[in-house]
1. Rounded to the nearest 10 degrees, what's the angle between the helix 743-754 long axis and the longest principal axis of the chain, both from Cα atoms, 0 to 90?
2. Where in the range 542-582 are there trypsin sites (Lys or Arg not before Pro) that are in a DSSP coil and have at most 12 other Cβ atoms within 10 angstrom of their Cβ?
3. Which residues' amide hydrogens lie under 5 Å from the amide hydrogen of Leu524, considering only partners 5 or more residues apart or on another chain, with H built in the peptide plane?
4. What is the range 155-224 by shape, rounded, prolate or oblate, if you read a ≥ b ≥ c off the alpha carbon gyration tensor as root eigenvalues and call it rounded for a/c under 1.5, prolate for a/b larger than b/c, and oblate otherwise?
5. Please give the length that would be gained between Lys19 and Lys183 if that part of the chain were fully extended, namely 0.36 nm times their separation in residues minus their C-alpha to C-alpha distance (nm, one decimal).
6. Give me the accessible area of Arg498, 1.4 Å probe, in Å² rounded to the nearest 10.
7. Taking amide hydrogens as modeled 1.01 Å from N in the peptide plane, which residues meet the under 5 Å criterion relative to Leu187, leaving out close sequence neighbours?
8. What is the chain by shape, rounded, prolate or oblate, if you read a ≥ b ≥ c off the alpha carbon gyration tensor as root eigenvalues and call it rounded for a/c under 1.5, prolate for a/b larger than b/c, and oblate otherwise?
Amino acid sequence: MTSAELIDYSPQQPQAASKLDGAANVVLIDNFDSFSWNIYQYLVLEGATVTVFRNNEISVDELAQLRPTQLVISPGPGHPKTDSGISRDAIQHFAGKIPIFGCIIDLYGGDVSFAGEILHGKTSPLRHDSRGVYANLPQDLPVTRYHSLAGTHPTLPECLEVSSWIAAGVNGGKGVIMGVRHKEYVLEGVQYHPESILTAEGRVMLQNFLHMQGGTWAENERLQRAAANTPKKASSGVVDTKKENILHKIFAHRKAAVALQKKIPSQRPSDLQAAYDLDIAPPLVPFVKRLRQSPFPLSLMAEIKRASPSKGIISLSTCAPAQARTYALAGASVISVLTEPEWFKGSIDDLRAVRQSLEGMPNRPAVLRKEFIFEEYQILEARLAGADTVLLIVKMLDESTLARLYHYSQSLGMEPLVEVNTAEEMTIAVKLGAQVIGVNNRNLTNFEVDLETTSRLLDQVPRETIVCALSGISGPQDVTAYKKNGVGAVLVGEALMRARDTTAFIGELLGRSTPVSKVGSPSLLVKICGTRKVEAAEAAIKAGADLIGIILVPGRSRYVPYKDAIAISRVIHESKQTTGNTAVDRVGSQASDFFANAASNISSHRPLLVGVFQNSPLEEVLELQKAYDLDIVQLHGDEPLEWANLIPVPVIRKFKPGQPGLGKRGYHAIPLLDSGSGGTGQKLDMSEVTATLMEDQDLRIVLAGGLNPDNVAEAVQAAGNLGDRIVGVDVSSGVEEGGSQSITKIKAFIKAAKSVR
């Protein structure tokens with residue numbers, strides 16, 4: 001960490017808390033360390049009455065006679081086994097009797113050894129389990145290291161558990177041990193300086209320790225519950241950090257960050273408004289309507305959540321757009337994207353990428369911006385990035401601001417999700433007229449989760465309002481009651497992010513009422529291309545061809561002039577032949593991949609006419625499509641992908657395996673894989689085709705290149721289990737003899753292709 005990044009966390013103008021009755025006789029053992037004074041200062045500032053003894057100036061018996069309320073062991077410059085004086089004996093004597101805070105790992109059999117690098121006085125980002133001294137603290141707190149010694153995982157005694165650590169690897173695994181906790185006794189050990197001016201929240205850690213009671217965790221819990229039910233006297237001391245919690249810190253941090261962002265050219269409010277006025281914001285999905293559509297008994301709001309203040313790092317390596325597609329195809333009605341960067345490790349770029357990943361997806365989920373929103377700027381930013389709805393937290397907004405932001409969001413076409421946690425907040429949300437109300441089962445003051453919170457508040461809500469249960473849902477048992485009492489949706493984040501098989505977990509969680517769509521394997525579509533004569537078209541239709549292709553590229557040997565094209569078009573459109581390939585692969589209650597509907601998009605109850613173009617002007621393509629009544633346009637050159645959205649019929653576009661843009665959703669109806677410019681007879685390398693299909697698990701293709709009646713079945717079967725995603729085959733030179741189409745070969749090709757499935 002550079003000097004510019006260091007922050008002085010010391011109490012610059014400290015204000016002492018009122019005296020703590022439960023910390024009226026704290027004993028601090030000084031192991032001849034200069035930091036002992038700082039520990040003493042922090043303890044006193046938190047209301048403790050502290051007596052300090054050097055580790056060689058008092059015996060255990062003398063300590064016992066003092067009847068201390070808590071015991072604190074200071075750090076020391078030496079090794080805990082050889083240089084801690086009475087400290088180890090004092091810990092052994094008082095363990096299980098009073099709360100103890102100090103270095104304890106080696107006392108119960110663990111080893112303390114060299115950490116692998118010189119670390120004394122350096123700061124490291126601390127991860128923790130959010131319990132004990134770490135209650136209500138954020139993750140990645142900078143802390144000052146003791147020395148270059150650290151406890152080792154292999155020698156950690158069975159009676160101890162790791163309570164804090166330095167993250168290792170991209171997913172934040174437990175690296176160097178920084179804190180341990182006794183599993184039975186109220187005994188917390190650390191290997192850093194909570195009292196250092198470079199340690200964040202060190203004072204809160206000591207405050208949490210001073211509020212511990214009893215010698216065991218069971219006794220501490222019982223005494224804490226009893227204390228919670230006892231009326232507390234007003235205090236003139238510092239603000240209770242458990243009340244002035246991390247939520248307010250995040251809120252203040254976001255306000256400061258947004259204020260700075262609004263000064264950046266291109267991100268100023270006027271810049272965002274100008275962009276919005278150009279009508280370039282992505283199309284909306286109606287949030288309320290989409291939330292009511294689900295393949296499950298109640299709807300799923302699936303959250304992309306890399307981290308949280310209470311749980312720390314969940315999955316830093318998560319690819320937001322990939323996770324979004326997984327959620328969508330598993331049946332999610334809404335995808336929630338956390339965009340707060342510091343504590344949740346998200347960003348507005350995540351939301352933008354998620355929206356792009358859903359482009360062109362039939363019945364795509366609505367996208368929610370999960371953020372601490374306090375002004376219109378953030379809502380407009382969300383809309384431009386592709387959000388369909390935003391979160392408004394009643395607890396964090398006064399009623400007038402809440403109403404203003406709610407109506408502003410509606411003016412942009414987005415019905416907000418209004419979050420509440422108490423009966424009073426629910427009253428405000430109902431009065432506001434919110435159509436979707438999320439009940440946070442987690443109390444945002446103390447982060448405690450009560451899954452019954454949602455059910456308790458249901459009676460206050462009008463029947464037409466959708467109620468969503470937010471937070472704390474980890475398994476099927478957590479949603480059983482919600483299914484019975486009318487909750488409309490559940491929001492799940494951490495459990496989904498940690499699931500090994502996301503799709504399977506979602507099905508188990510919600511109890512699927514209708515199966516997730518699995519597009520079947522209809523008969524292979526057959527396209528006879530290079531058709532130049534009416535007779536060949538008629539023969540192909542009678543033989544069962546689904547698509548008849550005509551080449552509209554001047555100068556090519558198979559080019560079809562105007563009169564012949566009109567004649568072929570008339571024969572195809574007047575044909576009474578049915579193909580039997582009207583594929584039913586659409587599902588109304590959930591999303592499906594854009595290419596999952598490819599077979600439907602390029603087939604009908606009758607044969608279809610395909611016009612093949614190569615680098616022709618767009619105006620010519622549009623003109624001939626209308627003139628010849630083309631059912632499908634095939635682009636076989638370097639035409640821009642965007643043309644597919646300007647052409648009024650489905651577009652088949654030619655690619656080579658691995659070519660950029662092949663799997664781009666929302667443009668061409670399906671890619672056609674070919675080896676060259678078409679009609680060359682050059683066969684594709686099927687290993688390249690298979691690799692292309694393996695790289696994109698939802699891709700569908702039409703296969704072309706060197707196919708003929710003798711090899712078409714073999715080519716499709718060479719793809720193995722991936723062959724189901726070859727929805728059609730295209731042939732040109734493979735059904736020709738002497739440069740002309742052979743009716744015999746056309747019939748043979750269609751028969752061979754249809755035999756595949």
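The values are calculated or read from the model by the stated rules, or taken from the named source; none is laboratory data. Quantities reported herein were computed from a predicted structural model and do not represent experimental measurements. All Cβ positions, glycine included, derive from the backbone under ideal geometry; neighbour counts span all protein chains shown. Ligands, DNA and RNA are stripped out before the accessible areas are found, and what is left, the full protein with its side chains, is counted by its heavy atoms. Shrake-Rupley method; radii C 1.70, N 1.55, O 1.52, S 1.80 Å.
1. So the helix axis and the longest Cα principal axis differ by about 20 degrees.
2. Here the trypsin sites (Lys or Arg not before Pro) that fit, given the DSSP loop and packing criteria, are Lys576.
3. HN-HN under 5 Å from Leu524: Arg757.
4. Oblate is the answer for the range 155-224, as a/c is 1.5 or above yet b/c matches or exceeds a/b.
5. My answer for the length gained is 56.1 nm.
6. Estimated to the nearest 10 Å², Arg498 gives 120 Å².
7. Distant-sequence amide H within range of Leu187: Ile100, His182.
8. prolate
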